[in-house]
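Here's the structure, in structure tokens; my notes come after.
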């Protein structure tokens, strides 16, 4: 899920940057520190939304920089286990699909796609169910549940998802499933009346 985090710390402004606006210098330095990182508590840091820097700083002995307290707002993506997400298939392999959810790709392992044996056509990049004939191709939209999250600071995170639950899977399959349910409900209502 996308979240806004606020962080309060101090930042050093080197003397060579004194001639520039304080907020501009602080924003650039903080972008270099935060944007694009992965943190266990914050998740994937997407962007700095805003920064407020106190204009009066302090000095440290034997250091020419001025240090200023700042309050920073970060836009992050923090995936949670059991969260239902929608995404687009960006790659298919013989072991599953990679689904873009938010700013990252999650692995939809072949065993977690459906209750059917799947064949992978490498030439056309298609996964096809043997019994059902259902197909997945790059660009398909899917709804899935997050079943595993591994975020390690500094390293690339890993997210595992499943579509082997009711009302999960390719969006077209979900629509077909709900139409069938609505049709069976109306039959039950007319037979009861």
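Rule-based calculations on the coordinates, nothing more; no lab input. None of these values were measured; they are calculated from a predicted model. Every residue, glycine as well, gets a Cβ built from its backbone with ideal geometry; the counts of neighbours run over all protein chains shown.
Summary of computed values
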quantity: Square roots of 5 times each gyration tensor eigenvalue, C-alpha, the stretch 68-122, largest first, Å; calculated: 34, 12, 8
quantity: Efficiency of FRET between residue 184 and residue 4 - r from beta-carbon atoms, R0 45 angstrom, step 0.05; calculated: 0.55
quantity: Fraction in percent of alpha-carbon pairs per bin - 5 Å, the stretch 105-157; calculated: 4, 16, 23, 22, 14, 11, 6, 3, 1
quantity: The chain: angle of helix 171-192 to the longest principal axis, Cα-based, in degrees nearest 10; calculated: 50
quantity: Highest average packing first - 78-89, 156-167, Cβ atoms within 10 Å; calculated: 156-167, 78-89
quantity: Gained length - residue 119 relative to residue 41, 0.36 nm times residue gap less alpha-carbon distance; calculated: 24.2 nm
quantity: Long-range Cα-Cα pairs in the stretch 84-173 (distance over 24 Å), rounded percent; calculated: 15
quantity: If the convex hull is drawn through the Cα atoms of the stretch 41-136, its volume per residue in Å³; calculated: 170
quantity: Paramagnetic reach from residue 126 in the stretch 82-120 [backbone N under 12 Å; point 7 Å along Cα→Cβ]; calculated: 119-120
quantity: Gyration tensor verdict on the chain (Cα atoms; rounded if a/c is under 1.5, prolate if a/b is larger than b/c, oblate otherwise); calculated: prolate
quantity: Computed E for residue 95/residue 172 - FRET, C-beta separation, R0 22 angstrom, nearest 0.05; calculated: 0.40
quantity: P(r) histogram, all alpha-carbon pairs of the stretch 2-77 included - 5 Å bins from 0, percent; calculated: 3, 16, 27, 22, 15, 10, 6, 1, 0
